[in-house]
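Peer 1: Dropping a structure here in structure tokens format, bear with me for questions.
The values are calculated or read from the model by the stated rules, or taken from the named source; none is laboratory data. Source: prediction; values computed, not measured. Here the Cβ is made from the backbone with ideal geometry for all residues, glycine too, and neighbour counts use every protein chain on show.
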Amino acid sequence: LKPPVKILVTGAAGQIGYAIMPMIARGKMLGPDQPVIIHMLDIPSASEASGGLKMELIDSALPLLRGVVATTDVAQACKDVNFVVMLAGFPRKEGMERKELLSKNVAIYKAQASALEQHAAPNCKILVVANPANTNALILKEFAPSIPPKNITCLTRLDHNRALGQLSERLNVHVGDVKNVIIWGNHSSTQYPDANHAIVKTEFGEKSAKELVANDTWLKGEFISTVQQRGAAIIKARKQSSSLSAASAACDHMHDWILGTPKGTWVSMGVYSDGAYGIPAGIIYSFPVTCNKGEWSIVQGLKIDEFSRAKMEATANELVEEKNLAYSCLN
Ligand code: NDP
């Protein structure tokens with residue numbers, strides 16, 4: 001076994017927190033040979049619930065779990081952490097304006113950025129899940145200048161996995177045999193799920209998903225809207241938002257980032273844009289990436305048709321607008 005690493009989960013007492021803890025402590029995130037010490041951070045009103053979750057983790061007798069710290073103290077929570085999963089966010093309440101929600105979250109992410117910068121281990125790697133995930137991650141980057149921008153990412157893997165799921169259902173193939181869909185842009189309803197480059201493993205070798213589906217109307221219509229609206233469909237059915245699939249996707253994101261993507265496979269991650277594919281630099285945008293030795297790289301040179309270009313630009317425009325709104329909340 002490797003020496004233990006420390007993982008901070010913020011908003012740990014929430015729904016996704018409850019689902020993700022056993023996954024982390026069973027090695028689904030960092031591998032079955034990686035012992036972990038989990039730091040759980042939450043606000044005082046949730047501290048009793050985090051204490052209960054800590055008891056449950058102890059009672060699960062998990063061999064990889066080498067310690068649990070449940071705290072409301074941000075500095076203690078951030079102390080020497082190697083990995084961070086940020087679930088804490090102000091919930092969107094009915095009638096709340098977008099700017100109001102953004103301003104609450106900007107304040108949270110600004111404060112946590114300083115604490116991480118001061119107390120986290122050097123080279124700590126961060127995944128932001130709480131919404132608006134891309135913009136929260138951007139605020140974190142802005143207020144933690146000593147953390148390399150490459151170490152700050154946001155979750156679009158759930159959307160990516162949803163897109164794989166839709167193709168697998170449509171083609172009646174195992175989801176493990178479908179790869180290389182792309183989620184471009186914002187983790188919001190403007191995201192662009194793109195199946196143009198997706199591949200399906202068949203008994204006759206690898207085939208283009210687009211050719212197998214052979215239905216452009218579905219690929220440009222229902223496929224995209226189903227992935228975009230999946231979160232809302234789950235809320236309607238469960239009367240609460242997705243938590244198991246969000247937790248599972250957060251594990252997939254960290255797992256592939258740290259341990260690498262298989263050869264010939266890419267995944268979607270919200271990362272700091274360097275201007276690739278003509279997307280404005282300086283926003284956190286979801287791109288197709290491959291990962292090796294803990295570093296992600298944007299997949300280069302994919303052919304982009306006119307339909308895709310328009311969708312990629314629309315979601316980029318929304319992110320630029322969100323960025324401007326977030327900055328106006330800071331002033
Ligand atoms: P969840 O655990 O269900 O969700 C956590 C965050 O993830 C939410 O912001 C949610 O945004 C977001 N999210 C992103 N993608 C998804 C997805 N696909 N499905 C579901 N959620 C997604 O929220 P809870 O309210 O149960 O828990 C939040 C925790 O944060 C609580 O423990 C609370 O105490 C804590 N908190 C901390 C604050 C602070 O640190 N200052 C402030 C407020 C809360 P959305 O629901 O908008 O999709």
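Residues are listed down the side, and each one gets a yes or a no for (1) within 12 Å of the ligand (Cβ to nearest atom); (2) exposed (fewer than 13 other Cβ atoms within 10 Å of the Cβ); (3) at positive phi; (4) among the small types (Gly, Ala, Ser):
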residue	(1), (2), (3), (4)
VAL200	no, no, no, no
PHE204	no, yes, no, no
SER208	no, no, no, yes
LEU212	no, no, no, no
GLU222	no, no, no, no
LEU244	yes, no, no, no
CYS251	no, no, no, no
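Peer 1: Here are some residues: ILE152, ILE108, ILE147. Which one is of a type in the set (Val, Ile, Thr) and farther than 24 Å from GLY17 by Cα?
Peer 2: ILE147
Peer 1: Hey, ALA133 hits all of (1) away from the ligand (no atom under 13 Å from the Cβ); (2) surrounded by 23 or more Cβ atoms within 10 Å (Cβ to Cβ) but one; which does it fall short on?
Peer 2: (1)
Peer 1: Ok, one more. Picking from VAL289, VAL271, which residue would you name as being assigned to a strand (DSSP E or B), modelled with pLDDT of 95 or more and under 27 Å from LYS104 (Cα atoms)?
Peer 2: Only one candidate passes the filter, namely VAL271.
Peer 1: Within region 114-126, is there a residue that is acidic (Asp, Glu), more than 13 Å from the ligand (Cβ to nearest atom) and either in contact with a Ser or Thr (Cβ under 8 Å, 6 or more places away or on another chain) or on the phi > 0 side of the Ramachandran plot (or both)?
Peer 2: yes
Peer 1: Here are some conditions: (1) more than 27 Å from GLU318 (Cβ to Cβ); (2) more than 16 Å from the ligand (Cβ to nearest atom). ILE147 meets all but one. Which one does it not meet?
Peer 2: (1)
Peer 1: Filter region 139-159 for residues that are surrounded by fewer than 24 Cβ atoms within 10 Å (Cβ to Cβ), in contact (Cβ under 8 Å) with a residue 60 or more places away in the chain and under 12 Å from LEU116 (Cα atoms) and give the result.
Peer 2: Within region 139-159, just LYS141 meets the criteria.
Peer 1: Looking only at region 75-100, count every residue that is over 26 Å from LEU325 (Cα atoms) and not in a loop (DSSP other than H, G, I, E, B) and tell me the total.
Peer 2: Qualifying residue count for the region: 5.
For every residue, the table says whether it meets (1) at pLDDT 95 or above; (2) part of a strand (DSSP E or B); (3) in contact with a Ser or Thr (Cβ under 8 Å, 6 or more places away or on another chain).
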| position | (1), (2), (3) |
| --- | --- |
| ASN134 | yes, no, yes |
| ALA137 | yes, no, yes |
| HIS160 | yes, no, yes |
| GLY165 | yes, no, no |
| ARG170 | yes, no, no |
| SER189 | no, no, no |
| PRO193 | yes, yes, no |
| ASN196 | yes, no, yes |
| PHE223 | yes, no, no |
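Peer 1: State whether the residues of region 161-169 include one that is among the charged types (D, E, K, R), under 22 Å from THR226 (Cα atoms), more than 13 Å from the ligand (Cβ to nearest atom) and out of contact with any strand residue (DSSP E or B) (no Cβ under 9 Å at 6 or more places or on another chain).
Peer 2: Yes, because at least one residue in region 161-169 is among the charged types (D, E, K, R), under 22 Å from THR226 (Cα atoms), more than 13 Å from the ligand (Cβ to nearest atom) and out of contact with any strand residue (DSSP E or B) (no Cβ under 9 Å at 6 or more places or on another chain).
Peer 1: Filter region 253-272 down to residues that are within 17 Å of ARG162 (Cβ to Cβ) and of a type outside the set (Ser, Thr, Tyr) and give me whichever is surrounded by the most Cβ atoms within 10 Å (Cβ to Cβ).
Peer 2: GLY270
Peer 1: May I ask you to verify whether GLY282 is in a loop (DSSP other than H, G, I, E, B) and closer than 18 Å to ASN136 by Cβ?
Peer 2: yes
Peer 1: Take MET23 and tell me if it is closer than 23 Å to ILE258 by Cβ and more than 11 Å from the ligand (Cβ to nearest atom).
Peer 2: yes
Peer 1: Further question on the same structure: Within region 323-331, identify whether any single residue is touching a residue at least 24 places away in the same chain (Cβ under 8 Å) and in contact with a strand residue (DSSP E or B) (Cβ under 6 Å, 6 or more places away or on another chain), and answer yes or no.
Peer 2: no
Peer 1: Regarding region 285-304, can at least one residue be identified that is of a type in the set (Val, Ile, Thr), within 16 Å of the ligand (Cβ to nearest atom) and in contact (Cβ under 8 Å) with a residue 12 or more places away in the chain?
Peer 2: no
Peer 1: Restricting to region 224-242, and then to whatever is β-branched (Val, Ile, Thr) and within 16 Å of the ligand (Cβ to nearest atom), can you tell me which residue is farthest from LEU127 (Cα to Cα)?
Peer 2: THR226
Peer 1: For region 31-38, indicate whether the set of residues that are of a type in the set (S, T, N, Q), surrounded by fewer than 19 Cβ atoms within 10 Å (Cβ to Cβ), assigned to a helix (DSSP H, G or I) and free of Cβ contacts under 8 Å to residues at least 40 places away in the same chain is non-empty.
Peer 2: Scanning region 31-38 turns up no residue that is of a type in the set (S, T, N, Q), surrounded by fewer than 19 Cβ atoms within 10 Å (Cβ to Cβ), assigned to a helix (DSSP H, G or I) and free of Cβ contacts under 8 Å to residues at least 40 places away in the same chain.
Peer 1: Working carefully through the options ALA77, ALA88, ALA49, find the one that is at pLDDT 95 or above, farther than 21 Å from PRO122 by Cβ, more than 18 Å from the chain's Cα centre (by Cα) and within 11 Å of the ligand (Cβ to nearest atom).
Peer 2: Matching residue, one of ALA77, ALA88, ALA49: ALA49.
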